1. Looking only at residues in segment 169-198 that are open to solvent by 40 Å² or more (accessible area, probe 1.4 Å), of a type in the set (D, E, K, R) and in a helix (DSSP H, G or I), which one is nearest to LEU97 (Cα to Cα)?
2. Identify, by number, the condition in (1) under 12 Å from ALA205 (Cα atoms); (2) in contact with a strand residue (DSSP E or B) (Cβ under 6 Å, 6 or more places away or on another chain); (3) surrounded by fewer than 22 Cβ atoms within 10 Å (Cβ to Cβ) that LEU162 doesn't meet.
3. Of all residues in segment 77-94, which are touching an Asp or Glu at 6+ places or on another chain (Cβ under 8 Å) and either buried (at least 21 other Cβ atoms within 10 Å of the Cβ) or not polar (S, T, N, Q) (or both)?
4. Is at least one residue of segment 23-36 surrounded by 13 or more Cβ atoms within 10 Å (Cβ to Cβ), among the small types (Gly, Ala, Ser) and in a helix (DSSP H, G or I)?
5. Sort out for me the helices (runs of 4 or more DSSP H) sitting completely within segment 199-287 that have 2 or more residues that are open to solvent by less than 30 Å² (accessible area, probe 1.4 Å).
6. Based on what the data block shows, is GLU51 of a type outside the set (Gly, Ala, Ser), under 22 Å from LEU97 (Cα atoms), open to solvent by 30 Å² or more (accessible area, probe 1.4 Å) and not in a strand (DSSP E or B)?
7. As an exercise: evaluate ASP144 against (1) at pLDDT below 95; (2) over 16 Å from the mean Cα position of the chain (by Cα); (3) open to solvent by less than 40 Å² (accessible area, probe 1.4 Å) and give the number of the one condition it does not meet.
8. Show the residue pairs meeting these rules: Cβ distance below 9 Å; 6+ apart or different chains; first residue within segment 100-113 and farther than 17 Å from LEU24 by Cα and acidic (Asp, Glu); second residue modelled with pLDDT of 95 or more and part of a loop (DSSP other than H, G, I, E, B).
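The values are calculated or read from the model by the stated rules, or taken from the named source; none is laboratory data. It should be emphasised that the depicted structure is a prediction, and the values quoted were computed from it without experimental measurement. Here Cβ is always computed from backbone atoms with ideal geometry, including for glycine, and neighbour counts include all displayed protein chains. Keep in mind that these areas ignore ligands, DNA and RNA; they rest on the heavy atoms of the full protein, side chains included. Shrake-Rupley method; radii C 1.70, N 1.55, O 1.52, S 1.80 Å.
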Amino acid sequence: MSTISVVTLNKGRDAHLARLIEGLARNPDAARCPAECVVVEMGPAPEPLPETPFPLRRVAFPSAGLPLAAARNAGRAAASGDILVFLDVDCIPSMGLVPALAAAAAAHDALVCGPIRYLPAGAVRDGWQEADLLRAGLLHPARDFPDSGVRKTENPGLFWSLAFAVRATTYDRLGGFDEGYDGYGAEDTDLAFRAAEIGVPVLLAGAPPAFHQHHLSCDPPLQHFADIVRNARRFRARHGLWPMEGWLDAFARLGLIGADREPDITLLRGPSPEEIAAARVPAERPF
């Protein structure tokens, strides 16, 4: 039987991390629990984590920004499982999510993505019940997951790193995430494109969902403007097309970059604090 390592990254999301761990620990079937959970701490470590029926391993990875690619690779280096299940720290796993993703990854040499239900602000309280989160959470309209089994997508751009599983050997064969992507954006799309080049597909799994906890965000993500532009250029140089086009188009409409991205992005100015504040998503919008 394959062993499962759950890997997550944390920087200032201590309450969300505690609920992720609580979700993992709620599975009454010990055989369906992960062998371990690896927490990569990109900021100051929070208070001691709760006791769990599986080992919790903390990896110190202090960083000024959000080096997501490098932090995920650090998590993989600390993980011992045959199957790696990466969960975003904002995601509470339903009881069946991790075993379902792990089983699909054991059966298919692929990047296996699980469905996400986005929660509005205030949906998660102490003593939360999975049934309540199912009623409150909304599926993202851009991805059509099957009711059961797996469905291959021919578009690796649909890969997302919020909840996915992969064989450890496949992750290593890919070289993990490209650490040349420094900060937020495109590092996960790059992984999926490189996987497709060597015949490793993206599969959408009809698994129980992860519940994405609400947090403040911006639409477009102006707080990550410099990272997104820099990483978009790296992706274009590697794969020949622009990633994150919706965000780049929004930056152009705001007059931050030129509308024409050929042959390169033309930087006009950075976003102002007022523009970043104005882009904040209202609390009632789950995504």
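1. That would be ASP172.
2. (1)
3. Once the filter is applied, which keeps residues that are touching an Asp or Glu at 6+ places or on another chain (Cβ under 8 Å) and either buried (at least 21 other Cβ atoms within 10 Å of the Cβ) or not polar (S, T, N, Q) (or both), segment 77-94 yields ALA79, GLY81, ILE92, SER94.
4. Yes: segment 23-36 contains one or more residues that are surrounded by 13 or more Cβ atoms within 10 Å (Cβ to Cβ), among the small types (Gly, Ala, Ser) and in a helix (DSSP H, G or I).
5. Fully inside segment 199-287 and qualifying: 225-239, 245-253.
6. So GLU51 passes the test.
7. Going through (1) at pLDDT below 95; (2) over 16 Å from the mean Cα position of the chain (by Cα); (3) open to solvent by less than 40 Å² (accessible area, probe 1.4 Å) one by one, ASP144 breaks only (3).
8. Sorted first by the residue in segment 100-113, then by its partner, the pairs are ASP109/GLY199; ASP109/VAL200; ASP109/PRO201.
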